[in-house]
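> The structure is given below, and queries will be raised subsequently.
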Amino acid sequence: MTRSSRRRDLLCAAAGGLALAAAPPLRAQGWPTKPIRMILTAPPGSSIDVLGRLVADQLRERLGQPVVAENRPQAGGTVGTDAVAKAVPDGYTIGLSFTGPLATAQFLYAKLPYDPARDLAPIALVGTAPNILAVTSGLPVRSFAELVAYVRSRPGQLNYASVGNGSASHLAMELLKSMAGLYIVHIPFNGAPPAVHATAAGDVQMIMSNPTSLLPLIQAGRIRPLAVTGRQRWPQMKELPTIAESGFAGFEAIAWNGFVAPAGTPRDAIARLNQEINAILHAPQIRPRIEAAGWDIAGGTPEAFATFMEFERSRWQPVIRRSGAKLD
């Protein structure tokens, strides 16, 4: 079984848990009886912030208790994720975290203050999203195949931007470099806006980043999209091929996020939260708002989310090791 097919099976298994959303509500005895704290591991206005606050509003109605959202984006989301890991495991602290703090940070930091597998209890995988591979509009390539040929004929002469050292945008390009045998110089920036604008200005020649950050400059004609990094074509830009279908079978590098709680949180509270979050994600009035924030809805069981995260860790560890990426 290939890594791509295994990942597909994991996502399908997660989706299979959506039957929980249709089941009668589970009532954790005496829970909840007080406000729930929701830690968001990205800054205000980010797609994760928008998603988390949307779910918080719906949970408030469904659980009958306040759900107080708090942004803790420092150190690439690891500060907020650590706060979840170290909270009292009573069902009253949950967090919305993502690929970095949950799957790659442990290989990027010399000493991460928490162990994602040991110290966190998965609740539900929430959303996934592909990256888009785009080039500055002045680069004389019109397809992914042309870009590969162009880079191969100019080893070490071209640069790519990332939204930060060790970020998903960095590691996705390093995976492509490894699979395609490309020599491109990495130029890290502090966040998506400067990285994307440097690409548009031609200061760097290419970038892999999430659709939300790239679409305005794609629409303005300042950068040219060539491919997506998901295993399937992205519904909002169906004309773009996947990298996998463009000669590199098995290539996949998606962003994702999900809810977690401190390890040891009562199972009945986890089950209730999982059921309500699944129901929220697929509510007809909510689904379009989540998709508008740039996410494809996932959902599923806590067990499927745990398996998916372990697969992601095993996938990215060798990529990080080869790239030499470090964050401290």
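> Condition (residue is touching a helix residue (DSSP H, G or I) at 6+ places or on another chain (Cβ under 9 Å), within 27 Å of residue 321 (Cα to Cα) and of a type in the set (Phe, Trp, Tyr)) applied to region 91-101: is it met by at least one residue?
Yes: region 91-101 contains one or more residues that are touching a helix residue (DSSP H, G or I) at 6+ places or on another chain (Cβ under 9 Å), within 27 Å of residue 321 (Cα to Cα) and of a type in the set (Phe, Trp, Tyr).
> Might you check whether a residue that is open to solvent by less than 10 Å² (accessible area, probe 1.4 Å), under 19 Å from the mean Cα position of the chain (by Cα), touching a residue at least 40 places away in the same chain (Cβ under 8 Å) and more than 25 Å from residue 210 (Cα to Cα) occurs anywhere in region 115-128?
no
> Please work out if residue 258 is touching a His at 6+ places or on another chain (Cβ under 9 Å) and under 22 Å from residue 61 (Cα atoms).
Against the criterion (touching a His at 6+ places or on another chain (Cβ under 9 Å) and under 22 Å from residue 61 (Cα atoms)), residue 258 does not qualify.
> Another question about this same structure. May I ask you to list pairs of residues, at least six apart or on different chains, whose Cβ atoms are under 8 Å apart, with the first in region 55-79 being part of a strand (DSSP E or B) and the second being modelled with pLDDT under 95 and exposed (fewer than 15 other Cβ atoms within 10 Å of the Cβ)?
71/43; 71/44
Yes/no per residue for (1) small (Gly, Ala, Ser); (2) within 30 Å of residue 30 (Cα to Cα):
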residue: 193; (1), (2): no, no
residue: 223; (1), (2): no, no
residue: 226; (1), (2): no, no
residue: 230; (1), (2): yes, no
residue: 234; (1), (2): no, no
residue: 244; (1), (2): yes, no
residue: 247; (1), (2): yes, no
residue: 273; (1), (2): no, yes
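> Now, a different point. Since residue 293 meets every condition but one in (1) closer than 26 Å to residue 193 by Cβ; (2) in contact with an Asp or Glu (Cβ under 7 Å, 6 or more places away or on another chain), which condition does it not meet?
Of (1) closer than 26 Å to residue 193 by Cβ; (2) in contact with an Asp or Glu (Cβ under 7 Å, 6 or more places away or on another chain), only one is false for residue 293: (2).
> Provide a single number: the residues in region 254-278 that are among the aliphatic types (A, V, I, L, M), modelled with pLDDT of 95 or more and surrounded by 20 or more Cβ atoms within 10 Å (Cβ to Cβ).
Residues in region 254-278 being among the aliphatic types (A, V, I, L, M), modelled with pLDDT of 95 or more and surrounded by 20 or more Cβ atoms within 10 Å (Cβ to Cβ): 6 in total.
> So, in region 182-206, exactly how many residues are under 18 Å from the mean Cα position of the chain (by Cα) and in a loop (DSSP other than H, G, I, E, B)?
Selection size over region 182-206: 2.
> For residues in region 282-328 being small (Gly, Ala, Ser) and outside any helix (DSSP H, G or I), which is surrounded by the most Cβ atoms within 10 Å (Cβ to Cβ)?
Among those residues, the one meeting the criterion is 300.
> On to the next question. Report, ordered by the first and then the second residue, all pairs with beta carbons closer than 7 Å, sequence separation of six or more or different chains, a first member in region 311-328 that is closer than 13 Å to residue 76 by Cβ, and a second member that is open to solvent by less than 70 Å² (accessible area, probe 1.4 Å) and in a helix (DSSP H, G or I).
325/108; 325/170; 326/108; 327/108
> Also, I was wondering about something else. State all residues of region 46-77 that are open to solvent by less than 30 Å² (accessible area, probe 1.4 Å) and touching a strand residue (DSSP E or B) at 6+ places or on another chain (Cβ under 9 Å); if no residue qualifies, say none.
46, 48, 49, 51, 52, 55, 56, 59, 63, 67, 69, 77
> Just one of (1) open to solvent by less than 10 Å² (accessible area, probe 1.4 Å); (2) farther than 28 Å from residue 298 by Cβ trips up residue 173, so point out which.
Result: residue 173 passes all but (2).
> Part of a helix (DSSP H, G or I), crowded, with 21+ Cβ neighbours inside 10 Å and among the hydroxyl-bearing types (Ser, Thr, Tyr), is that true of residue 178?
Considered against the rule, which asks whether it is part of a helix (DSSP H, G or I), crowded, with 21+ Cβ neighbours inside 10 Å and among the hydroxyl-bearing types (Ser, Thr, Tyr), residue 178 comes out as no.
> Confirm whether residue 249 is surrounded by fewer than 21 Cβ atoms within 10 Å (Cβ to Cβ), in contact (Cβ under 8 Å) with a residue 60 or more places away in the chain and out of contact with any Pro (no Cβ under 9 Å at 6 or more places or on another chain).
In short, yes.
> If you take the residues of region 197-216 that are among the aliphatic types (A, V, I, L, M) and at pLDDT 95 or above, which of them is surrounded by the fewest Cβ atoms within 10 Å (Cβ to Cβ)?
So, considering only residues that are among the aliphatic types (A, V, I, L, M) and at pLDDT 95 or above, the one surrounded by the fewest Cβ atoms within 10 Å (Cβ to Cβ) is 201.
> Restricting attention to region 55-100, report how many residues are aromatic (Phe, Trp, Tyr) and over 19 Å from the mean Cα position of the chain (by Cα).
Within region 55-100, residues that are aromatic (Phe, Trp, Tyr) and over 19 Å from the mean Cα position of the chain (by Cα) number 1.
> Consider region 255-281. How many of its residues are in contact with a Lys or Arg (Cβ under 8 Å, 6 or more places away or on another chain) and either aromatic (Phe, Trp, Tyr) or not in a helix (DSSP H, G or I) (or both)?
Going through region 255-281 one residue at a time, the tally reaches 2.
The values are calculated or read from the model by the stated rules, or taken from the named source; none is laboratory data. These numbers come from a predicted model, not from an experiment. Positions of Cβ are backbone-derived with ideal geometry, glycine not excepted, and every protein chain shown enters the neighbour counts. The accessibility values were calculated without ligands, DNA or RNA, using every heavy atom of the protein model including side chains. Shrake-Rupley method; radii C 1.70, N 1.55, O 1.52, S 1.80 Å.
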